[in-house]
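Before any comments, here is the structure.
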Amino acid sequence: MTTSTNGAFDRKPFIAGNWKMNMDHVQGITLLQKLAWTLSDAKHDYSRVEVAVFPPFTDLRGVQTLVQGDDLQVAYGGQDLSQFDSGAYTGDISGQFLNKLGCKYVLVGHSERRTIHNESDDVLNAKVKAAFKHGVTPVLCVGEGLEIRQAGTHVEHTLQQLRAGVAGLTNEQAAELVVAYEPVWAIGTGEVAGPEDAQEMCAAIRAELESLFGADVAAKTRLLYGGSVKANNAAAILQERDVDGVLVGGASLDPAEFANIVRFESHLVTD
Ligand SMILES: O=C(CO)COP(=O)(O)O
């Protein structure tokens, strides 16, 4: 993340919580209420740092009602969407439905979708396009497993996922897209990539976006890091030039911990 001379970030920092398959619709409301109270007590300025949560589908209607009823500034989104609009796709959820529920974002290609559900790059590209078609911003997740990291081909592997995911997007869409770099070996393991690892990959992703869509677009696309982010490591990662936010799993289920990540600016090292 770049801090310009006036202290403002070039791209609005984005702190997102992926609840995965945790929190039923009652627990989800309690979690979001606690998060909102904690941030309100801390006088969090949502215009400086954007906050989003990705609850299970069954929570989304309740989340929408709470956000509207209490006029919360927290954005929310689905953890997946179908590449299709509607029809005989049992168990799938259309981007149209997410849009209708007020979802601003949707995760696409989380490593748990790629591995457990065998989602291919082609399917994920179709999902990215379906999200845009239905007015929901995709958060495209990319990242390598441990074997690839050990072989040293992690940058090329991740850029290949990126190229496949963004194929055929317009410049406008590429600028709006959010990309999350989540090395699989760092997800849920407590093993966090160092700030310099996160920066290395985010810089490579931005350079790739620049070669595909031009410098003006690449300067706007927000890039996140995800994998064992906690309150005590978030600020150092977010200080990196090309890291514009974090996608948090486990720590987003604890409202105090997640609120501390959102308030990372109060932990920034200034010189
Ligand atoms: O997969 C993740 C977020 O999408 C990261 O999960 P953890 O923060 O639990 O490692």
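The values are calculated or read from the model by the stated rules, or taken from the named source; none is laboratory data. No experiment lies behind these values; they were computed from the predicted model shown. Counting neighbours? That spans all protein chains shown, and the Cβs are built from the backbone with ideal geometry, glycine included. When the accessible area is computed, the model is the full protein with side chains, heavy atoms only, and any ligands, DNA or RNA have been set aside. Shrake-Rupley method; radii C 1.70, N 1.55, O 1.52, S 1.80 Å.
Residue under question is A186, and the condition is that it be open to solvent by less than 50 Å² (accessible area, probe 1.4 Å), within 16 Å of the ligand (Cβ to nearest atom), at pLDDT below 95 and under 16 Å from the mean Cα position of the chain (by Cα); does it hold? When the stated conditions are applied, A186 passes them.
Selection within region 228-249: residues that are in contact with a Pro (Cβ under 6 Å, 6 or more places away or on another chain) and open to solvent by 10 Å² or more (accessible area, probe 1.4 Å). The member of this set that is nearest to the ligand (Cβ to nearest atom) is A236.
Can you find a residue that is over 17 Å from the mean Cα position of the chain (by Cα) and within 15 Å of the ligand (Cβ to nearest atom) anywhere in region 96-108? No - not one qualifying residue is present in region 96-108. Restricting to region 62-79, name every residue that is within 27 Å of N125 (Cα to Cα) and open to solvent by 20 Å² or more (accessible area, probe 1.4 Å). The one that is within 27 Å of N125 (Cα to Cα) and open to solvent by 20 Å² or more (accessible area, probe 1.4 Å): Q79.
Here A198, A193 are screened, and the one residue that is within 12 Å of the ligand (Cβ to nearest atom), touching a strand residue (DSSP E or B) at 6+ places or on another chain (Cβ under 8 Å) and not β-branched (V, I, T) is A193. Taken over region 197-227, the criterion of being in contact with a helix residue (DSSP H, G or I) (Cβ under 9 Å, 6 or more places away or on another chain) and open to solvent by less than 10 Å² (accessible area, probe 1.4 Å) is satisfied by A198, M201, I205, L209, A218, T221, L223, L224, Y225, G226, G227.
Among the residues of region 250-270, just one is under 19 Å from Y76 (Cβ atoms), more than 12 Å from the ligand (Cβ to nearest atom) and open to solvent by 10 Å² or more (accessible area, probe 1.4 Å), namely P255. Being within 30 Å of N232 (Cβ to Cβ), within 16 Å of the ligand (Cβ to nearest atom), at pLDDT 95 or above and among the aliphatic types (A, V, I, L, M) is a condition met by no residue of region 152-162. The lone criterion from (1) open to solvent by 20 Å² or more (accessible area, probe 1.4 Å); (2) touching a Gly at 6+ places or on another chain (Cβ under 7 Å); (3) within 19 Å of Y105 (Cβ to Cβ) left unmet by A180 is number (1). For first residues located in region 173-190 and under 22 Å from A151 (Cα atoms), partners that are among the acidic types (D, E) and lie 6+ apart or on another chain with Cβ distances below 7 Å form the pairs P183/E144; V184/E144; W185/E191.
Residue selection: A193 satisfies the criterion of being under 18 Å from the mean Cα position of the chain (by Cα) and either under 21 Å from R113 (Cα atoms) or not β-branched (V, I, T) (or both). Number of residues in region 85-109 that are open to solvent by 50 Å² or more (accessible area, probe 1.4 Å) and touching a strand residue (DSSP E or B) at 6+ places or on another chain (Cβ under 7 Å): the value is 1.
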